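Asks: The structure under discussion is supplied below as structure tokens; questions concerning it will follow.
The values are calculated or read from the model by the stated rules, or taken from the named source; none is laboratory data. Predicted model only: the values in this text are computed from it and were never measured. Backbone-built Cβ (ideal geometry, glycine too); neighbour counts: all protein chains shown. Quick note on the areas: whole protein, heavy atoms, side chains included, nothing else; ligands and nucleic acids left out. Shrake-Rupley method; radii C 1.70, N 1.55, O 1.52, S 1.80 Å.
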Amino acid sequence: MAITIVALGGSLAQQSTSLAAVRIALEGAAAAGAHTELYDIRQLDLPMYVPNTTDVPDAARVLCDSVYACDGMLWSSPLYHGTISGSFKNALDWLQLLGDRQPAYLTDKVIGLISTAGGTQGLQAVNTMEFVVRALRGWAVPLVVPIPQSWRAFQQGQVLNESLAA
Ligand SMILES: Cc1cc2nc3c(=O)[nH]c(=O)nc-3n(C[C@H](O)[C@H](O)[C@H](O)COP(=O)(O)O)c2cc1C
């Protein structure tokens, strides 16, 4: 049976390089035989997470059910002010709904991490994501993909650098 990989990524920008990057990684997972699902931060359009709310939007329920059922994930956030974006963190906050599941949160799921940055490095966002992976009881893949100067690497959602895509 194929494993299922769920990708969560992108930004609220109309053309998002972090979304383009995670699409490529997800295509790689599909080419390796995985069943894949993509959750685009902009399309999810999640409200700010409110602790203990009973007003859970459908998008948050669907995301959490998918994440709970998957074997592994890919996360991709832009680097904002030296960390992950607020919209990406808010999507992760909604995973709090998995706190009551058995097993809880991301227990023993494997997470691959990608970031895109305008400047010369993007590792701070990856490092922040790794803290979250650990807090949610998952495992971060050792090889990470911080993409610097994303404005050079992508145009209209297409990657310009084939070695980066590989
Ligand atoms: C609010 C904001 C903060 C940013 N902060 C940083 C930063 O600290 N370092 C950096 O290299 N780029 C920074 N950038 C540039 C983004 O990381 C870069 O444009 C990224 O590729 C955007 O991802 P997206 O195309 O998925 O929206 C920032 C952009 C915005 C809008």
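Asks: To check you understand DSSP bridge types, tell me what percent of the beta bridges within segment 1-145 (both residues inside) are antiparallel, rounded to 5.
Replies: The antiparallel proportion sits near 10 percent.
Asks: So if each residue of separation counts as 0.36 nm, and I subtract the Cα-Cα distance between L164 and F131, what length gain in nm does that give?
Replies: 9.4 nm
Asks: Give the residue from L106, Q96, Q156 lying farthest towards the positive end of the charge dipole for the chain; charges sit on Cβ (+1 for Lys and Arg, -1 for Asp and Glu) and the dipole is referred to the Cα centre.
Replies: Ranked along the dipole, the leading option is Q156.
Asks: What does the accessible area of R23 come to, in Å² to the nearest 10, when a probe of 1.4 Å is used?
Replies: Accessible area, nearest 10 Å²: 110 Å².
Asks: Name the residue, out of G119, G138, G72, whose mean-square fluctuation peaks in a Gaussian network model built on the chain with Cα pairs under 10 Å.
Replies: G119
Asks: Rounding to the nearest 20 debye, state how big the charge dipole of the chain is about its Cα centre with +1 on each Lys and Arg Cβ and -1 on each Asp and Glu Cβ. Display every interim value, and only then the final one.
Replies: Details: 9 positive and 13 negative charges, 68 e Å.
Value, rounded to 20: 320 debye.
Asks: Here is a further query. Run the numbers for S66 and V141: contour at 0.36 nm per residue of separation, minus the present Cα-Cα distance, in nm.
Replies: Length difference between fully extended and current span is 25.0 nm.
Asks: Just to verify a number: what accessible area does I24 come out at with the full protein assembly present, 1.4 Å probe, Å² rounded to tens?
Replies: 40
Asks: Let me ask you something else. Indicate, rounded to the nearest 5 percent, the antiparallel portion of the DSSP beta bridges found entirely in segment 1-85.
Replies: Antiparallel bridges make up about 15 percent of those DSSP assigns within segment 1-85.
Asks: Rounded to the nearest 0.05, what FRET efficiency do T107 and H81 give with R0 = 25 Å and r taken as the Cβ-Cβ distance? Could you check?
Replies: It comes to 0.20.
Asks: Let me ask another. Given the whole protein assembly as supplied and a 1.4 Å probe, what does the accessible area of D65 come to in Å², nearest 10?
Replies: D65 exposes around 80 Å² with every protein chain in place.
Asks: Measure nothing fancy, just the Cα-based angle from helix 58-69's long axis to the longest principal axis of the chain, in degrees from 0 to 90, nearest 10.
Replies: Taking Cα atoms only, the helix is inclined about 90 degrees.
Asks: Against the longest alpha carbon principal axis of the chain, how many degrees, from 0 to 90 and to the nearest 10, is the axis of helix 123-135 turned?
Replies: 20
Asks: Something else: For Q121 and W151 in one chain, what is 0.36 nm times their gap in residues minus the Cα-Cα distance, to one decimal in nm?
Replies: Working: separation 30, 0.36 × 30 = 10.80 nm, distance 1.26 nm.
The Q121-W151 span can extend by a further 9.5 nm.
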